[in-house]
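The values are calculated or read from the model by the stated rules, or taken from the named source; none is laboratory data. Fair warning: this is a prediction, and the values are worked out from it, not measured in the lab. Here the Cβ is made from the backbone with ideal geometry for all residues, glycine too, and neighbour counts use every protein chain on show.
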């Protein structure tokens, strides 16, 4: 290809000074090549703007594309069309057009992701699993451990588990390791995929308090919350998803 | 961030077979690049073309060394190239027998790379060897034992120590966890992760094991019939594969961890 691609350095519309993420015209279709090339359109012209201190709840029936959008905003899924503007180190970058090594930087500093499931590394203690993002930022190990221990204590994770690999932990224990891992870093943007799904009422409230504090510090939160009570406490707005049914297939 | 290594239009044929067909990629400092594909896809050939002097037909291998000099590897005089592979580069073979000298002690295996770069002080060399044995979690009491008395996992870690002693910036690995049982594999993977982070290593890792790249690699190349069919962030390639072959590869993993 000889034509130089036009590189747009900022969103086309003027955004408020406290906007941290602006996604526009997002389209995503899955093509299953090994199942007869079937096409599953999941996202169609999604627009989303999130400001500091806001918490956007993504709602809609299962299969409506909530998780797909979350994964697209993290660069975990590629989108077909659209722009995902993220304020990174005070500059706008379009995540949809960034090369992989730059997306890695965005994930280290700007966007944190709390998934439902912890990716367990055999043999690595919970403390190290949770401290890893801090260490990758170059924070010294003692400071990192201190921060994680504080969060583990707040989240009522029994101290006897800290030095064990989470391989054998319960769902709720793993989820708390995952939450500590993400919330330890001062990301301006958090993506939360059912962060409290495996927690009891006490720990749900701890997570709500931690996330409320993040909001007050000026973080932008985008989340899927199946727990209505958690959602009501956190969300400032909702983005409601409908199912695209032009070929009668929904995607889970 | 500037790439450490640029591979431009690299091709390699064996007779009529195109083992590597027009391969392009960049490797950035501190990152692990995984190359996956089935047997015969050309992934090991690609690794050997870059890392161990297998002659290429066309294309360029550009490396920026520790002095910030940009080197065209194909045009590099042989003594300089050999020096590079013994200092800033390291190669970890799938079979430790290919990467170790089995007839000298563990300590001597590590010392060899230091002797090659002109270190002569015996006491220092022994201290260094001891330090790197500790880093790869081998009991330093085993320093004077021969590698054939080591288990497969230990031999693999000894190979790592032998390579790490010259503080390389770029490491090539061919199926490093290949012959190891699962718990030994996990230990080696964990060790590799911390070494990459603490020593700021860049790694090109060839494997057919999707679980290994999921844990280790930042970026992934998928090869089939000598061609690179897909590349990108590891989690994106595995979770949202675009190419029919990658979709097949990912869906055939029994336990999608």
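Can you find a residue that is closer than 24 Å to residue A:108 by Cα, outside any strand (DSSP E or B) and without any contact (Cβ under 8 Å) to a residue 60 or more places away in the chain anywhere in segment A:216-234? Yes; the residues of segment A:216-234 include at least one that is closer than 24 Å to residue A:108 by Cα, outside any strand (DSSP E or B) and without any contact (Cβ under 8 Å) to a residue 60 or more places away in the chain.
Filtered by the rule that a residue be buried (at least 18 other Cβ atoms within 10 Å of the Cβ) and under 20 Å from residue B:178 (Cβ atoms), segment B:76-109 gives B:90, B:91, B:92, B:93, B:94, B:96, B:99, B:100, B:109. The set of residues in segment B:144-157 that are modelled with pLDDT of 95 or more and surrounded by 23 or more Cβ atoms within 10 Å (Cβ to Cβ) contains only B:147.
Out of A:224, A:189, A:244, one residue alone is at pLDDT below 95 and farther than 21 Å from residue A:126 by Cα. It is A:244. Checked against (1) modelled with pLDDT of 90 or more; (2) outside any helix (DSSP H, G or I); (3) within 11 Å of another protein chain (Cβ to nearest Cβ), residue B:249 meets all criteria but (2). Here residue A:13 meets each of (1) more than 13 Å from every other protein chain (Cβ to nearest Cβ); (2) at positive phi; (3) surrounded by fewer than 18 Cβ atoms within 10 Å (Cβ to Cβ) with one exception, condition (2). Among the criteria (1) out of contact with any helix residue (DSSP H, G or I) (no Cβ under 8 Å at 6 or more places or on another chain); (2) surrounded by 22 or more Cβ atoms within 10 Å (Cβ to Cβ); (3) within 13 Å of chain A (Cβ to nearest Cβ), the one residue B:200 does not fulfil is (2).
Yes/no per residue for (1) closer than 30 Å to residue B:71 by Cα; (2) modelled with pLDDT of 90 or more:
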| site | (1), (2) |
| --- | --- |
| B:109 | yes, yes |
| B:138 | no, yes |
| B:142 | no, yes |
| B:177 | no, no |
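Inspect all residues belonging to segment B:110-124 and state whether any of them is surrounded by 12 or more Cβ atoms within 10 Å (Cβ to Cβ), in contact (Cβ under 8 Å) with a residue 24 or more places away in the chain, within 18 Å of the chain's Cα centre (by Cα) and under 27 Å from residue B:45 (Cα atoms). Yes, the conditions are met somewhere in segment B:110-124. Selection of segment A:189-219 for residues being in contact with a strand residue (DSSP E or B) (Cβ under 8 Å, 6 or more places away or on another chain) and on the phi > 0 side of the Ramachandran plot yields only A:194. For segment B:208-240, the tally of residues that are without any contact (Cβ under 8 Å) to a residue 24 or more places away in the chain, more than 8 Å from chain A (Cβ to nearest Cβ) and crowded, with 22+ Cβ neighbours inside 10 Å stands at 1. From the list B:34, B:30, the lone residue that is at positive phi and either modelled with pLDDT of 95 or more or within 14 Å of chain A (Cβ to nearest Cβ) (or both) is B:30.
Among residues of segment A:60-79 being buried (at least 17 other Cβ atoms within 10 Å of the Cβ) and more than 14 Å from chain B (Cβ to nearest Cβ), the one that is nearest to residue A:95 (Cα to Cα) is A:66. There is at least one residue in segment A:162-174 that is within 14 Å of another protein chain (Cβ to nearest Cβ), within 24 Å of residue A:57 (Cα to Cα) and touching a helix residue (DSSP H, G or I) at 6+ places or on another chain (Cβ under 8 Å).
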